[in-house]
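K.L.:
Would you mind keeping the following structure in view while I ask a few things?
The values are calculated or read from the model by the stated rules, or taken from the named source; none is laboratory data. Predicted model only: the values in this text are computed from it and were never measured. No Cβ is skipped: glycine too gets one built from the backbone with ideal geometry, and neighbour counts run over all protein chains shown. The area values use the complete protein model at the heavy-atom level, side chains included, leaving out ligands, DNA and RNA. Shrake-Rupley method; radii C 1.70, N 1.55, O 1.52, S 1.80 Å.
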Amino acid sequence: NRYDKDSMALKKALEGPPDKVSKYSWAMAQNKRKAQLKKVLQASKNGEKEIVRKRAVSRFSRTVIVMNVQTLDRDMDDVISELRDSVSFILSQYHDESARLNMGKELEVIVCVESPGGVVQDFGLAADQLARLKDAGAYKDDIILTVCVDKIAASGGYMIACQASPGKLLAAPFAVLGSIGVLRETINIHDVLEKYGVQPLVLKAGDAKVPLTQTTKVTEESIAIVQKNLERAHDAFRELVSKTRGQVIAEHFHNVTNGDIFLGKDAARNGLVDQLMTSDEYITQKIEAGDRVLKLHKYDRSRMGLRLSPLDLLLLKSNGLLGKSFTNHLHQLNKMASKLKNIAMAFGFMKALDTALCFLSSNRQFYKNH
C-alpha cells in the first residue's frame, strides 16, 4: 500500500495530546469522543444527530489539513500528480473508519492557491481533483473545502479556487482574481516564407482540423473556426463558475466572467470570493478554536545526509525509545566526525570534512529543538 507510511504519520499526529495534557487523560478523552462520534456517524435522524453532536468533546473535535497548490515556475504534470496523490491520500484516510474517528466530527481541507493560470486542460483536471473532496463529503456534509488566495488565482487559477465549499473562498485584500476568459496566441510567418520562395505544405482531412498554424495562410474561415473553439471553452469555464459559486455571483455574472481581473476587495463585492482574509489569519483562527491543524506536504528525499520520512520526524519528536536512540546516534556521529576532521587535516581534506561536520551539527541542533 503506497500510503502505509503516510497513514502511520497521520495516525501519530492525530492521536497526539494537546499541550499540557497527559497521554493517559487524552487517551480516555479520545475513547469517549470516538464512542460519541460513532453515534454521530451512524445517526439516521437529524434531531438525534444534533443531540449527540452537542455532547462531543470540543478540543481537537475537528481536524484541519492544510495543503498548497502553487503553479508558478512548475511543470503542471508535477502539480497535477502531487494534487491527485494528496487528494487520494486524504480520501483514503477519510474512508478508513479508524482514521475517520480520530479526525473528529468534521474534516476541513484548506487549500492555499497561487496560480496565474495556464492551459485549460491542465487546470480543468486540477479543479476536478478538488471536486473529488467536495463530492466525497457531500452525502454526510462532513468535509469542508476552504480555498485561500493570498496573491493570485487568475484564469485557470480561479478555476481551481472556485471549487471551494459555499462561503469558503477567501482572499487577501490585494490578491488578484478573475480573468475568466480564454486566450490563444500565435505568430504567423506565412507571408515571410512566401517572400523568400518557401511554400509551406499542410495536408489534412476535415476543414476544421488545425485551422491555424504558424506557417499556413491566415483566412477568415480559419480565424472563425479558432474563435468558435475559444467561445466553447469560455462558455464551459463560465458554466463551471456559475455552478460552483451559485447565487452569490448571479447578479454580477456577466461583468466578472468577461476576462477582467479584480483585486480581492472588488472580487468580494462582485461575488468572486466570500471573505477578505489571508490564509495566516484563517489558519490562526482554526488553531485558536481548538481544531487540530496539520500541514500536508510532499516528502522531498534529500540526496545527502540522513533520509528521514515525516513519520521518523514525529517519532524523534516524541520521548519514545526510537527518538532517544536516534538522538544518541547523532551524538556519536558528531564525535566521529570531529576525529575524522583531525585526521583529514593531514591529507588536505579539511574543507570537505568541515562541511560534513557543520551538516551533522545542524542536524543535531534541529532534532534537539524539535
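K.L.:
Select, from Gly290, Gly246, the only residue that is in a helix (DSSP H, G or I), surrounded by fewer than 15 Cβ atoms within 10 Å (Cβ to Cβ), at positive phi and small (Gly, Ala, Ser).
P.N.:
When all the criteria are applied, what remains is Gly246.
K.L.:
Of the residues that sit in the stretch 137-174 and are open to solvent by less than 30 Å² (accessible area, probe 1.4 Å) and farther than 22 Å from Leu263 by Cα, which one is modelled with the highest pLDDT?
P.N.:
Leu145
K.L.:
Determine the pairs where a residue that is in contact (Cβ under 8 Å) with a residue 24 or more places away in the chain, located within the stretch 217-244, has a partner that is among the β-branched types (Val, Ile, Thr) and part of a helix (DSSP H, G or I) with Cβ atoms under 8 Å apart, the partner being 6 or more residues away or on another chain.
P.N.:
Matching pairs, first to second residue: Ala233/Val120; Phe237/Val120; Val241/Ile249.
K.L.:
From the list Ile187, Ile160, Ile180, which one is closer than 30 Å to Asp141 by Cα and part of a loop (DSSP other than H, G, I, E, B)?
P.N.:
The match here is Ile180.
K.L.:
Kindly evaluate Gly124 against the criterion of being among the small types (Gly, Ala, Ser) and touching a Phe, Trp or Tyr at 6+ places or on another chain (Cβ under 8 Å).
P.N.:
Criteria not met by Gly124.
K.L.:
Determine, yes or no, whether Leu177 is closer than 30 Å to Lys228 by Cβ, within 13 Å of the chain's Cα centre (by Cα) and open to solvent by less than 40 Å² (accessible area, probe 1.4 Å).
P.N.:
No: the conditions fail for Leu177.
K.L.:
Do we have Ala99 as among the aliphatic types (A, V, I, L, M) and within 30 Å of Arg232 (Cβ to Cβ) here?
P.N.:
no
K.L.:
Kindly indicate the residue of the stretch 116-136 that is charged (D, E, K, R) and without any contact (Cβ under 8 Å) to a residue 24 or more places away in the chain and also most open to solvent (accessible area, probe 1.4 Å) among those meeting that condition.
P.N.:
So in the stretch 116-136, the residues charged (D, E, K, R) come out as 122, 128, 132, 134-135.
Going one step further and asking which of them are without any contact (Cβ under 8 Å) to a residue 24 or more places away in the chain, we end up with 128, 135.
On the way: Asp128: 89, Asp135: 109 Å².
Step by step, filter the stretch 116-136, then rank; the result is Asp135.
K.L.:
While we're on this one: If the Cβ limit is 6 Å and pairs must be 6+ apart or interchain, which residue in the stretch 155-169 that is without any contact (Cβ under 8 Å) to a residue 40 or more places away in the chain and hydroxyl-bearing (Ser, Thr, Tyr) pairs with which residue that is part of a strand (DSSP E or B) and surrounded by fewer than 24 Cβ atoms within 10 Å (Cβ to Cβ)?
P.N.:
Final answer for the pair search is Ser165/Ile144; Ser165/Leu145.
K.L.:
Being of a type in the set (Asp, Glu) and under 18 Å from Asp191 (Cα atoms) is the filter; apply it to the stretch 204-227 and report the residue that is surrounded by the fewest Cβ atoms within 10 Å (Cβ to Cβ).
P.N.:
Applying the filter and picking the extreme gives Glu220.
K.L.:
Residue by residue through the stretch 62-115, note down the ones that are in a loop (DSSP other than H, G, I, E, B), open to solvent by 50 Å² or more (accessible area, probe 1.4 Å), touching a residue at least 60 places away in the same chain (Cβ under 8 Å) and touching a strand residue (DSSP E or B) at 6+ places or on another chain (Cβ under 8 Å).
P.N.:
Result: Lys105, single match.
K.L.:
Six or more apart or on different chains, Cβ under 6 Å: which pairs go from a residue in the stretch 17-33 that's of a type in the set (Gly, Ala, Ser) to one that's in a loop (DSSP other than H, G, I, E, B) and open to solvent by less than 60 Å² (accessible area, probe 1.4 Å)? Could you list them?
P.N.:
Close Cβ pairs satisfying both conditions: Ala29/Val57.
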